[in-house]
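First up is the structure itself, then whatever we jot down about it.
No lab work stands behind these numbers, since they all come straight from the coordinates. Note that the structure is predicted; figures quoted are calculated from it, not measured. A quick note on method: Cβ atoms are made from the backbone with ideal geometry, for glycine too, and the neighbour counts reach across all protein chains shown.
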Amino acid sequence: MKLIAIAFFVVCGCFGQTTLPPGTVEASSLPSYFASAGGEYNRYATDHGGIDISFGIRIGTTGVFSYTTIDTALVKTPSGGTPLPSSVRTGAASVVAQSSNGAVSLFICGQAGVSATAGSTSATLSGCLGIPIRFGKTHLYAMPMLRIANATSAGVQVVPEVQLLYGFGGK
């Protein structure tokens, strides 16, 4: 897993060799709001994939977003098996760094919410680090992401994700 995480950051770092001075993000280039969907793996300590859908709304003219995520399993619960959890989380996300041309950004988030199955509900916390990579001058991005999730029912998990993100507004 460590090798995958290291490879993830090395490959993504190759896309953004030229950056603005540290702490500089051109907020006007960021979308006013966005919607994304993607796949994830190893959610809630189970060896299967899931899907997640996220929404973000930029707060004023900053690089901070109100950020909400819904995720659920892609597989059916086996007959007589334990139901697989789904969750709803909300929090904040921030673009903390950006390449000089705005094509690559560094995105961090923190969220809290609930995880539920047919028989139980538990609290969940998560933090993430994502690298939105813009396709040319379009409003479409690919975003590889690593999420650290802590559901009280499953403990701490590292969850790799890949999302396709569409931004509305911005340059």
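Quick look at the values:
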item	result
Label point distance in nm, F135-L74, each placed 7 Å from Cα along Cα→Cβ	1.9
log10 of Debye I(q)/I(0), alpha-carbon scatterers only, for segment 59-171 at 0.13, 0.16, 0.20, 0.22 Å⁻¹	-0.57, -0.80, -1.10, -1.25
Estimated distance in nm for a label pair at T121 and V96, the labels positioned 7 Å out from Cα along Cα-to-Cβ	3.2
Listed peptides 64-72, 120-128 by packing density, highest first (mean Cβ within 10 Å)	64-72, 120-128
Directionally averaged projected area (convex hull, Cα atoms, segment 105-171), nm²	5.4
Mean Cβ count within 10 Å, highest first, over the residues of peptides 131-144, 104-117	104-117, 131-144
Sum of side-chain charges, H139 neighbourhood, beta-carbon under 15 Å (Lys, Arg +1; Asp, Glu -1)	+4
